[in-house]
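Data block below; observations after.
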Amino acid sequence: MDFTYLQPVETAVLEEIASFKTEKLGNNVSFHTDKTLPEITSSVKIAILTVSEDRNAVNNQDTGTNFNEVRKELYNLYKGNWNTDVIDLGTIKKGNSVKDTNFALSETIYSLLKLNIIPIILGGSQALTYAMYRAFDKLEQMVNLVAIDNKFDLDDMDAPLNSRNYLSKIIMNEPNNLFNFSNIGYQTFFNAQNEIDLLDKLYFDSYRLGTVNKDLTVVEPILRDADIVSTDLSAIKLNEAPANNNATPNGFYGEEMCAILRYAGLSDKVKTLGIFEYNHLLDNRKQTAQLIAQMIWYFIEGVNYRTNEYPFQSKKNYLKYIVPIDDDVINFYKSNLSDRWWMEIANNITKKETLIPCSYQDYLEANNQNIPERWWKTLRKL
């Protein structure tokens, strides 16, 4: 792997981490230091890196300029009962321009994806999500993006790339590899009605904060189908994560965010995670650094417990349920291993069957002769 764009973790931080107990996560991670590079072996599953880019962050100057406390809090947590090897690649510093930073990040993520390593990106402006998305260009595959955010970030397409319009750039710019976008946790009063209508017209998914608060499990099938997960700390309550100048009174609780990122880690499909808009200057008593550390911990735990049951190697480990609806039939599959559900859609263009994650509730809806919304939207996109 090319470490050209990466700066080592600061020596003072590494010295403090080295003083932690042997059982702590920091003593089970390989670091990029000023003397050595982390060994890239087949057992490495996760790479952590930080990106010091705040120039296109709206109303959150200095975001991403210091991640030392996040690293200390993360590596001072006890390691779980894992066999997941983690490396810390250090930091991508600001380039001469935002484009330079984005290029460095995209190239680094692409290199890790080719090695089947999951990059965890800590920023910096959420506009870095655009660079994460562009890393998939060379892979020549369609991409599903999930954003955990109180806004859709569909502002002025004609303005330079920033944290409030990156999704517009993803939707409109070529090459267009986006198959599906899902938002988790939007708050209606922060989003124009025409933006809500646009997502609906594009057959994208959006879940209001209140909907998710009532039943957190509704997000599991969405995250199970994601390639990229982008988290804006603005989705979290101000009193839970104060280190963000755009934080507001309403949002997710810390334990809810940890559960959501555990779902993301459990997904066999999620290939990269981003956590953005951390501003250390606003971090009262290191509270946000602690929460980010715990969010990452739960994501790593999820990755460790992946069942690797999708794509299906064989359908013999699944129960098939055939549900007639009017003149159509929907086939559902339930895993004997995890009790998770999928439903099958016939693609009339490729003449192949497409399996998409769903919930038990989708199966019940079909039995009541209601076509599940997720099935209907996917069919339209196919």
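Read-outs: derived from the displayed coordinates by stated rules, not from any lab. Just so it is clear, the structure is predicted and the values come from calculations on it, not from any experiment. Here the Cβ is made from the backbone with ideal geometry for all residues, glycine too, and neighbour counts use every protein chain on show.
Students often check this: by mean Cβ neighbours within 10 Å, which of 120-128, 198-206 ranks highest, and how do the rest follow?
Working: 120-128: 28.1, 198-206: 16.2.
Ranked from most to least packed, the peptides come out as 120-128, 198-206.
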Review point. Which order do peptides 354-366, 233-245, 314-326 fall in by mean Cβ count within 10 Å, highest first?
Key: 233-245, 354-366, 314-326
Practice item. For Thr231, list long-range residues whose amide hydrogen, built 1.01 Å from N in the peptide plane, is under 5 Å from its own amide hydrogen. Key: Ile148, Gly274, Ile275, Phe276
Review point. At q = 0.10, 0.20 Å⁻¹, what log₁₀ I(q)/I(0) does a Debye calculation on the Cα points of segment 1-154 give, no solvent, two decimals?
Key: -0.37, -1.38
Exercise for review: Pull out a ≥ b ≥ c, the square roots of the eigenvalues of the alpha-carbon gyration tensor of segment 315-381, then state rounded if a/c is under 1.5, prolate if not and a/b is larger than b/c, and oblate in the remaining case.
Suggested key: oblate
**Study point:** Relative pair counts by distance (%), Cα atoms of the chain, 10 Å bins
**Key:** 5, 24, 34, 24, 11, 2, 0
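Based on DSSP H runs of at least 4 residues, each adding -39500 (n - 2.57), what is the mean residue ellipticity at 222 nm of the chain after dividing by all its residues, to the nearest 500 deg cm²/dmol? Before the final figure, lay out each step's value.
Details: 12 runs with 115 residues, N = 382.
Calculated mean residue ellipticity at 222 nm is -8500 deg cm²/dmol.
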Exercise for review: Assuming a ≥ b ≥ c are the square roots of the Cα gyration tensor eigenvalues, decide whether segment 257-297 counts as rounded (a/c under 1.5), prolate (otherwise, with a/b larger than b/c) or oblate.
Suggested key: prolate
Study note, to complete from the structure: Longest principal axis of the chain (C-alpha) makes with the long axis of helix 287-304 (C-alpha) an angle, in degrees to the nearest 10, of 50 degrees
Revision key, fill the gap. Counting only backbone N atoms under 19 Å from a point 7 Å out along Cα-to-Cβ of Arg380, the residues of segment 180-204 in range are 180-184, 192-204
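Looking only at the chain, where both bridge partners belong to it, what percent of the DSSP beta bridges are antiparallel (to the nearest 5)?
35 percent
Using the structure shown, list the pairs from Lys35/Lys93; Lys45/Lys316; Lys269/Lys381; Lys269/Lys320; Lys201/Lys271; Lys45/Lys377 with a Cα-Cα distance above 24 Å, or answer none. Display every interim value, and only then the final one.
Numbers: Lys35/Lys93 18 Å; Lys45/Lys316 28 Å; Lys269/Lys381 19 Å; Lys269/Lys320 22 Å; Lys201/Lys271 27 Å; Lys45/Lys377 33 Å.
Pairs exceeding 24 Å: Lys45/Lys316; Lys201/Lys271; Lys45/Lys377.
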Review point. Arranged from highest to lowest average of other beta-carbon atoms within 10 Å per residue, in what order do the peptides 98-104, 169-175, 141-147, 6-12 appear?
Key: 141-147, 98-104, 6-12, 169-175
Point to revise | Virtual spin-label span in nm between Thr33 and Asp62, 7 Å along Cα→Cβ | key: 3.1 nm
Study note, to complete from the structure: Taking N as the residue count of segment 248-369, its alpha carbon Rg divided by 2.2 N^0.38 Å gives 1.41
Check your understanding: Taking amide hydrogens as modeled 1.01 Å from N in the peptide plane, which residues meet the under 5 Å criterion relative to Ile330, leaving out close sequence neighbours?
Key -> Val323, Ile325
Check your understanding: So for segment 182-256, what percent of the C-alpha to C-alpha distances run longer than 13 Å?
Key -> 69 percent
Exercise for review: On a 0 to 90° scale, report how tilted helix 254-266 is relative to the longest principal axis of the chain, with both axes built from alpha carbons and the result rounded to the nearest 10.
Suggested key: 70 degrees
Practice item. Would you pull out the residues with amide H under 5 Å of Ile48's amide H, same chain only if 5 or more places away, H placed 1.01 Å from N? Key: Ile87, Asp88, Leu89, Ile120
